[in-house]
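A quick write-up on the structure given underneath.
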Amino acid sequence: MIALSLILGWGVGAVINALADSLPFRRPPAKPRCPSCGGPRPAAAISGLAGRVVGAGRCAYCGTSRGLRAPIVELATSLGSIALALAYPPARFLIAFLISAVFLLIVVIDLEHRLVLNAVVAPAAVVFAILGTLDPGRGPLKTLLGGLVGFLAFYLLYVLGGLFGRVVSRLRGSPLSEVPFGFGDVNLAGLIGLVLGWPGVLVALVLGIFAAGAFSLVYMAWMAARRRYSAFTPFPYGPFLVLGALAVYFRIWAVFGE
């Protein structure tokens, strides 16, 4: 089981990397190519870890490094898959692994592009709504209520953030180039609600908001100490929401008795 979960994690990590390289640019996954010069990479470069082993970590044409994201993602999915296989029976393992993989894809894309893509959230929402509805410990009511509450809660924050941005723009006499929340964060909150159901979604969102706030304070203090602080510096919010969701999900049966 450990060997199978390792192979599954490695393969899914490679798929996540391929999707993260293609979806933000609205193109289908293709053979690996250098993003700088477009030169083809060897077949082993489909995997970040395998590419490092065979010396395909840099482009043979222009020397550009592929970076550390690909091997880190594959290492995380491989180790995470083993940990989940040891913790859960097969059926629960597959669901937990699927949820973790989708959230990891969302985090990677949000960190690199500050986007939460509908192409990821929409199909995941359908799948997780069905899984939650079929879960005898949750059922359709808790699942759909969780999704609705998550979406509406962050939609309210999205509207308030827009109003705040307009007020600040008027006071400064110049428009803000960034908004506190994007609509992708609203969709992600709805997806988290479908994964966790009611009332777990509330705990997850509160944890995510507090995590983002703590990061902001540390970041502001660090930048102020370096005398490089700039107000309204944007950062991706999705990873903090995912952090809160996973913190609740992997304790949800113990906390909420499901």
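Search region 59-83 for residues being buried (at least 16 other Cβ atoms within 10 Å of the Cβ) and in contact with a Ser or Thr (Cβ under 7 Å, 6 or more places away or on another chain), and hand back the single one that is modelled with the lowest pLDDT. Ranking the qualifying residues of region 59-83, first place goes to Cys59.
From the list Leu157, Leu115, which one is touching a residue at least 24 places away in the same chain (Cβ under 8 Å) and not in a helix (DSSP H, G or I)? It is Leu115.
Taking helices (runs of 4 or more DSSP H) as the structural unit, those lying wholly within region 194-258 and holding at least 1 residues that are surrounded by 15 or more Cβ atoms within 10 Å (Cβ to Cβ) and at pLDDT below 75 correspond to 252-256.
Considering region 132-168, the residues that are under 21 Å from the mean Cα position of the chain (by Cα) and surrounded by fewer than 17 Cβ atoms within 10 Å (Cβ to Cβ) include one that is nearest to Gly182 (Cα to Cα), namely Leu152.
The values are calculated or read from the model by the stated rules, or taken from the named source; none is laboratory data. Computed from a predicted model, the values in this text were never measured in an experiment. Counting neighbours? That spans all protein chains shown, and the Cβs are built from the backbone with ideal geometry, glycine included.
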